[in-house]
């Protein structure tokens, strides 16, 4: 994949997360693609779709601002600022997040997140 194709796929992922579109997110992964977040690992499009659907039931008002994208070969590191609202409590969650992404055959094969909820920068940088 070239850099523009990778950037386009990253933007599609950002949009799918922000709009909580489980189908759109699952479709940009390989059949056996995986998402790894602290404490969880989701493998395969069906599992990704299921977990994003569960997420959407619990959280709303997702906002994501991409801050930096570094690309090398079929890999990228993305730094973004993330916010959501927990529906049960109304609590607004904020995090600085780095995602390391592997690409294969025009799709995402691995998505590994490293986020910091203790010292997130304001989105007013």
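Would segment 68-76 turn up any residue that is over 17 Å from residue 1 (Cβ atoms) and either surrounded by 17 or more Cβ atoms within 10 Å (Cβ to Cβ) or at pLDDT 95 or above (or both)?
Within segment 68-76 (the criterion being over 17 Å from residue 1 (Cβ atoms) and either surrounded by 17 or more Cβ atoms within 10 Å (Cβ to Cβ) or at pLDDT 95 or above (or both)), the answer is yes, since at least one residue qualifies.
Exactly one condition in (1) under 28 Å from residue 118 (Cα atoms); (2) loosely packed, with under 14 Cβ neighbours inside 10 Å is false for residue 100; which is it?
(2)
Tell me whether segment 53-64 contains one or more residues that are out of contact with any strand residue (DSSP E or B) (no Cβ under 6 Å at 6 or more places or on another chain), surrounded by fewer than 17 Cβ atoms within 10 Å (Cβ to Cβ), closer than 14 Å to residue 102 by Cα and modelled with pLDDT of 95 or more.
Looking through segment 53-64, none of the residues is out of contact with any strand residue (DSSP E or B) (no Cβ under 6 Å at 6 or more places or on another chain), surrounded by fewer than 17 Cβ atoms within 10 Å (Cβ to Cβ), closer than 14 Å to residue 102 by Cα and modelled with pLDDT of 95 or more.
For the list (1) touching a helix residue (DSSP H, G or I) at 6+ places or on another chain (Cβ under 9 Å); (2) part of a helix (DSSP H, G or I), I need the number of the one condition that residue 57 fails.
Condition (1) is where residue 57 drops out.
Please find, among 48, 108, 36, 10, the residue that is in contact (Cβ under 8 Å) with a residue 60 or more places away in the chain, under 13 Å from the mean Cα position of the chain (by Cα) and part of a helix (DSSP H, G or I).
10
From the list 24, 31, exactly one residue is farther than 17 Å from residue 112 by Cβ, in a strand (DSSP E or B) and modelled with pLDDT of 95 or more. Which is it?
Sole residue among the options that is farther than 17 Å from residue 112 by Cβ, in a strand (DSSP E or B) and modelled with pLDDT of 95 or more: 31.
The values are calculated or read from the model by the stated rules, or taken from the named source; none is laboratory data. All of these numbers come straight from a predicted model, not from anything done at the bench. We place every Cβ from the backbone using ideal geometry, glycine too, and count neighbours over all the protein chains shown.
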